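We did not get these values from a lab; they are worked out from the coordinates using the rules stated. Please read these numbers as outputs of a predicted model, since none were measured by experiment. Neighbour counts run over all protein chains shown; Cβ positions are idealised from the backbone, glycine included.
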Amino acid sequence: MTPIDTTVPEKPRPKLDGPEKPFWDGLREGEIRVQRCENCGRHRFPASRYCPHCHSPEFQWEAVAGEGEVESFCVFHKAYFPGFVPEMPYTVLQVKLDSGVRFFSNPAEGEAKDALAVGTRVRAVFEPVDNDLTLLKFRSAEARS
Amino acid sequence: MKINAAIVGVGASEFGRFLPDTQLRLAAKALKQALDDSGLEREDIDGLSMHMGWPLGLDYDQVADGLGLNIRYVNQAWTHGRFVTNTLQHAALAVSAGLANVVACVTAISFTRERDILGGPGDMEGYREGGGTHGESPTYGLTSPSGGAALSMQRYMKLYGGTSEKLAAVPIQIRQHALLNPDSVMKEELTLEKHQSSRMVVDPLHLFDCCLMTDGAIVTLVTTKERARDLKQKPVVFAGMQGIRSSRDEFIFAPPGLGIGQQPVTHVRSRPIDTEVFDKAGVTQKDVKGVYTYDAFSPLVLFVLERYGYCGEGEALDFVQNNGIGPGGRLPVNTNGGLLSEAHVAGWNHIREMTRQIRGTAGPRQIPNADVLQWGTVWGDSVILTAA
């Protein structure tokens, strides 16, 4: 019998096989897939059964472009999970993509700590953590890839 | 149904860090003091409105049993800032509707024993699927309540201007109130220099922009106005109430319109839905002698002043400068010293202070003629308390 793992995760992992499975599958394949309402046409994320704008249950998952803007950010000087300790202080971003969907995220690896401010144009970076998980991060749109 | 309710007794345990008493023992001390304060007997209490319960404390049945109460009405939230008003309002509704004669609002907190539950692996709320109750997004390290407040303040400063130095006016003035309150955990003056040199928790929030984590209990006794007239103390009347607002316009630590989480970006300003409580109480902002709010983080005080129309869009940082909210200020806020400097008894220490102020027994902190006071939070819920 496999013993139950009760150790603290280095970093919390998202649920990859829940309602947002198409999103996580998309990131692994280098695409940002979100729900698009078939009634009013608006994109949305996180996943929901009904459109928060028009309440229609009809939707498709589709890829949106990775360009957007930093709406806010904060810098953690305290780590609540051990995996964040080496990165301290680390930045959390709120990014709004041009399609209207918003994500909490972090600056991509190697991004200068002060490169992103409120209003900075950014583009998506797909950062693999392991075979199962790729995270959506952001880099200043002016920076070279 | 008209609200027919008054606060007739308040009692507290000691407040502090790592208190040896259990939650039940703290609650028992607070109850005893509340009964003495009101002149009521234990047998008179037949309702419980609980601002505690799993996962942060004992449930109603354990409290009723442990305190020797015989109860016929219960409302239970759990220990969360969002449910302070709701707990108080249910007590007022229950006595108004005749579901109970005397409702005890009970909160008993042992945060210092359980601090791991507020951010990190032990935080069942923050770590849950779909994100936490403070807008947490653990995958990206947005793992504590302070993160949401920091995101809000950063964007607010970008839109309206402002600095950490200006924000410091909030905790500095609330500390000045606390220094006049012997129950305060914080005993030293907070200077701008101390604020600025304190460590960052989540930039732009310094240590002193974040509330205390303490232990303590408070019991607040609520009955009808008629019954209140026959009791020991001057009644503190529920003059108006409005409930918590919930929609995509709301993000836990942001004013509507700021655009945090899923909030649409509009103007951050007081709307008619934010100020119904004044109409219900038959007063305006000009009549209010002091404001009391859930000051978990100093930006929340700014958001509250704007939400309830004490100042306009983006004006709160200027409003609080030069003793806007301190002792003898233009609009005193949290004269007990708040969660920032008295203790974190989840805002019930503020309700206790409002009661003392309206009775005229707040000692060196007394606001002259404190006949109308507002409790109002960043979530849009509010109660206006008045002298009878």
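Per-peptide packing, taken as the mean over residues of other Cβ atoms within 10 Å, places A:25-35, B:294-304 in the sequence B:294-304, A:25-35 from highest down. Highest GNM mean-square fluctuation among B:HIS80, B:HIS51, B:HIS350, for chain B modelled with Cα contacts below 10 Å: B:HIS80.
For chain B, adding -39500 (n - 2.57) for each run of n ≥ 4 DSSP H residues and dividing by the number of residues yields -8000 deg cm²/dmol at 222 nm.
When chain B is treated as a Gaussian network with alpha carbon springs shorter than 10 Å, the biggest mean-square fluctuation among B:PRO368, B:PRO145, B:PRO235 belongs to B:PRO368. Under conditions of 4 °C and 1.567 mPa s, the protein assembly as shown yields 54 µm² s⁻¹ as its translational diffusion coefficient, taking Rh as the Kirkwood radius over Cα pairs in the Stokes-Einstein equation.
Ordering B:GLY309, A:PRO46, B:ALA28 by Cα displacement along the dipole of the protein assembly as shown toward the positive end leaves B:GLY309 in first place; charges were set at the Cβ atoms of Lys, Arg (+1) and Asp, Glu (-1). Could you work out the relative contact order of chain A? I mean the mean sequence separation of Cα pairs under 8 Å and 6+ apart, divided by the number of residues, in percent. Computed value for chain A: 21 percent relative contact order.
Taking a straight Cα-Cα cut-off under 28 Å and skipping sequence neighbours fewer than 8 places away in the same chain, the lysines within cross-link reach of A:LYS11 are A:LYS21, A:LYS78, A:LYS96, A:LYS113, A:LYS137.
Rg over Rh for chain B works out to 0.94, using Cα positions for both radii and the Kirkwood form for Rh. Measuring from each cysteine beta-carbon in the protein assembly as shown, the ones with no other cysteine beta-carbon under 4.7 angstrom are A:CYS74, B:CYS105, B:CYS210, B:CYS211, B:CYS311. Using Cα-Cα distances under 8 Å and only pairs 6 or more residues apart, what relative contact order does the stretch A:19-64 have, in percent? Relative contact order comes out at 40 percent.
Taken along the Cα-to-beta-carbon direction at a fixed 7 Å, the label points for A:MET88 and B:GLU313 span 4.0 nm.
Normalised by the number of residues in chain B, the mean separation of alpha-carbon contacts (under 8 Å, six or more apart) gives a relative contact order of 22 percent.
Spread over its residues, the convex hull of the C-alpha atoms of chain A is 140 Å³ per residue.
Computed from the Cβ-Cβ distance with R0 of 35 Å, the FRET efficiency linking A:ASN39 to A:ARG13 stands at 0.55.
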